[in-house]
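Asker: Input: one structure, supplied below.
The values are calculated or read from the model by the stated rules, or taken from the named source; none is laboratory data. From a predicted model like this one, the values you see are computed outputs, not experimental measurements. Methodologically, a virtual Cβ is constructed for each residue, glycine included, from the backbone with ideal geometry; neighbour enumeration extends over all protein chains shown. Quick note on the areas: whole protein, heavy atoms, side chains included, nothing else; ligands and nucleic acids left out. Shrake-Rupley method; radii C 1.70, N 1.55, O 1.52, S 1.80 Å.
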Amino acid sequence: MAPALLLTGIGELVTNDPHAEGAGPAPVHVVRDAAVLVEGPTVAWVGPAAAAPAADTVLDLGGRAVVPGFVDAHAHLVFGGDRAAEFEARMSGTAYAAGGIRTTVAATRASSDEALHANASRLVAEMRRQGTTTVEIKSGYGLTAHDEARSLAVARTLTPETTYLGAHVVGPEYADDPGGYVDLVTGPMLDACAPHARWVDVFCERGAFDADAARAVLRAGAARGLLVRVHANQLGEGPGVQVAAELGAVSADHCTHLADADVAALRDAGVVATLLPGAEFSTRSPYPDARRLLAAGVTVALATDCNPGSSYTSSMPFCIALAVREMRMTPAEALWSATAGGAASLARTDVGVLRPGARADLAVLDAPSFVHLAYRPGVPIVVGVVAGGVPEPTLVR
């Protein structure tokens, strides 16, 4: 049996466990004056500190709040270069368009495997310092069979949640033959990438892929055993959400521009709407209507969309603050969406929640309550994490 670690002195513990004693209709379940017993990589017990079982090691968190580790279910971390010049131009009035992705494609192809890994590792570490313990990483900046496969091989060393996004935009060599590029994505590129991926994704948007091409890509990926997710309805109303619902996608990501039929399709098909407010912040675009989705009974997740073009943030606390301020979510709704909602977006039940049997992934806040995540935007209140049952050195020194 693994040595037991007791985390005690927790002023406010968010469990997200709907089956916990005293859990009500609120999006999060809170235990005050709490403790968590960890055995190996999993949670063994959760409850009031006064009733905590004995443990080999005790770590007193000094009255701080504790939340499940953030689950960032949408990130593009394997890339070369940056697009600061594009951001500066956009802030001066140039509209965002999908075509800017090709700038990163050139830089990524020119980067070594070691450089790509170093940059992605830096961003994962940056995320970890801000409380993220689970992250999804996409390909999509190689757009050749070789470069997509090596991007996913890099991502696989950092997370099991890897997504094949060969259908990000049409590769530059196929600018005059988009059908030929879809054949590549559904054929040789998929063959090279499927062994490294858990998910298949497509950017179903003007300037990228239409509904028919998206269906072809997603069906080919699903036939290889990959789970389906879709970049949908970011730049305007379009077919992305309907394609996601039709093909049984776990998540439709962005969901910025939705018709009533799209909202109904998400709800009826059980597709998670993963909202990415960092993209709207960085492109000065309208934010998704989270209240509309929640009122309709759609499961909502929050993620960073960390990428060099349209949302170069790695901070889930920042996205929580944006969701509360700009999308009119309550602090509890935003936290749930950044943890349990993100887990739902990744078809996971072992993360985003603190209950016996779940992974012992949690973030410690230098604050009395999770509300401070939105109440104190831009302040680094995450003082450390426990990931897979292992406390960071910042918590034990």
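Asker: I'm trying to understand the selection: among the residues of region 51-88, which are open to solvent by 60 Å² or more (accessible area, probe 1.4 Å) and either more than 30 Å from G142 (Cβ to Cβ) or in contact with a His (Cβ under 6 Å, 6 or more places away or on another chain) (or both)?
Answerer: The answer is A51, A54, D56, T57, V58, D60, G62, R64.
Asker: Looking at region 333-359 only, could you name the residues that are closer than 19 Å to P48 by Cα and in contact with a Leu (Cβ under 8 Å, 6 or more places away or on another chain)?
Answerer: L354 - this is the single residue of region 333-359 that is closer than 19 Å to P48 by Cα and in contact with a Leu (Cβ under 8 Å, 6 or more places away or on another chain).
Asker: If V263 satisfies all but one of (1) touching a residue at least 40 places away in the same chain (Cβ under 8 Å); (2) of a type in the set (V, I, T); (3) not in a strand (DSSP E or B), what's the number of the condition it fails?
Answerer: Condition (1) is where V263 drops out.
Asker: When you go through G236, G248 one by one, which is the residue that is part of a loop (DSSP other than H, G, I, E, B), open to solvent by less than 20 Å² (accessible area, probe 1.4 Å) and out of contact with any Asp or Glu (no Cβ under 7 Å at 6 or more places or on another chain)?
Answerer: G236
Asker: Related question: Could you check region 166-207 and list, in sequence order, the residues that are closer than 17 Å to H254 by Cα and either touching a His at 6+ places or on another chain (Cβ under 7 Å) or without any contact (Cβ under 8 Å) to a residue 60 or more places away in the chain (or both)?
Answerer: Within region 166-207, A167, V200, D201, V202, F203, C204, E205 meet the criteria.
Asker: Let me ask another. Any residue that is farther than 21 Å from S112 by Cβ and open to solvent by less than 10 Å² (accessible area, probe 1.4 Å) - is there at least one of those in region 170-183?
Answerer: Yes, some residue in region 170-183 is farther than 21 Å from S112 by Cβ and open to solvent by less than 10 Å² (accessible area, probe 1.4 Å).
Asker: Could I ask something else about it? Kindly establish whether V30 is hydrophobic (A, V, I, L, M, F, W, C) and within 30 Å of V230 (Cβ to Cβ). Spell out how you get there, then give the answer.
Answerer: Working: hydrophobic (A, V, I, L, M, F, W, C): yes; within 30 Å of V230 (Cβ to Cβ): no.
So V30 fails the test.
Asker: Still on this model: What tally of residues in region 266-297 results from selecting those that are without any contact (Cβ under 8 Å) to a residue 40 or more places away in the chain, buried (at least 24 other Cβ atoms within 10 Å of the Cβ) and assigned to a loop (DSSP other than H, G, I, E, B)?
Answerer: 2
Asker: Looking at region 8-19, can you tell me whether even one residue there is in a loop (DSSP other than H, G, I, E, B), under 20 Å from V390 (Cβ atoms) and among the aliphatic types (A, V, I, L, M)?
Answerer: Checked region 8-19: no residue is in a loop (DSSP other than H, G, I, E, B), under 20 Å from V390 (Cβ atoms) and among the aliphatic types (A, V, I, L, M).
Asker: How many residues, within region 298-323, are more than 21 Å from V28 (Cβ to Cβ), touching a strand residue (DSSP E or B) at 6+ places or on another chain (Cβ under 7 Å) and without any contact (Cβ under 8 Å) to a residue 60 or more places away in the chain?
Answerer: Within region 298-323, residues that are more than 21 Å from V28 (Cβ to Cβ), touching a strand residue (DSSP E or B) at 6+ places or on another chain (Cβ under 7 Å) and without any contact (Cβ under 8 Å) to a residue 60 or more places away in the chain number 1.
Asker: Right, another one. Name the single residue, out of those in region 158-171 being in a loop (DSSP other than H, G, I, E, B) and in contact with a helix residue (DSSP H, G or I) (Cβ under 7 Å, 6 or more places away or on another chain), that is farthest from R109 (Cα to Cα).
Answerer: L158
Asker: Follow-up. Can you say whether G131 is more than 20 Å from D113 (Cα to Cα) and modelled with pLDDT of 95 or more, as far as the supplied structure shows?
Answerer: Yes: the conditions hold for G131.
Asker: Using the structure shown, decide if V241 is modelled with pLDDT of 95 or more, part of a strand (DSSP E or B) and crowded, with 20+ Cβ neighbours inside 10 Å.
Answerer: Considered against the rule, which asks whether it is modelled with pLDDT of 95 or more, part of a strand (DSSP E or B) and crowded, with 20+ Cβ neighbours inside 10 Å, V241 comes out as no.
Asker: Can you pull out the residues in region 345-397 that are surrounded by fewer than 23 Cβ atoms within 10 Å (Cβ to Cβ), modelled with pLDDT of 95 or more and part of a helix (DSSP H, G or I)?
Answerer: Selection gives H372, A374, Y375.
Asker: Give the residues of region 187-214 that are farther than 15 Å from D147 by Cβ, in contact with a helix residue (DSSP H, G or I) (Cβ under 6 Å, 6 or more places away or on another chain) and either open to solvent by 60 Å² or more (accessible area, probe 1.4 Å) or of a type in the set (G, A, S) (or both), sorted by residue number.
Answerer: Answer for region 187-214, where residues must be farther than 15 Å from D147 by Cβ, in contact with a helix residue (DSSP H, G or I) (Cβ under 6 Å, 6 or more places away or on another chain) and either open to solvent by 60 Å² or more (accessible area, probe 1.4 Å) or of a type in the set (G, A, S) (or both): G207, A208, A211, A213, A214.
Asker: If the requirement is being at pLDDT 95 or above, crowded, with 24+ Cβ neighbours inside 10 Å and of a type outside the set (A, V, I, L, M, F, W, C), which of these qualifies: S315, S310?
Answerer: Details: S310 fails: at pLDDT 95 or above.
None of the other options fit; the residue is S315.
Asker: Let me ask you something else. Kindly evaluate S139 against the criterion of being among the hydroxyl-bearing types (S, T, Y) and out of contact with any strand residue (DSSP E or B) (no Cβ under 7 Å at 6 or more places or on another chain). Working first, answer last.
Answerer: Working: among the hydroxyl-bearing types (S, T, Y): yes; out of contact with any strand residue (DSSP E or B) (no Cβ under 7 Å at 6 or more places or on another chain): no.
Taking the combined requirement at face value, the residue does not satisfy it.
Asker: Oh, and also: Let me spell it out: the conditions are (1) touching a Cys at 6+ places or on another chain (Cβ under 9 Å); (2) under 19 Å from G278 (Cα atoms); (3) not aromatic (F, W, Y), and R90 meets all of them except one. Which number is the exception?
Answerer: (1) is the only condition that R90 fails.
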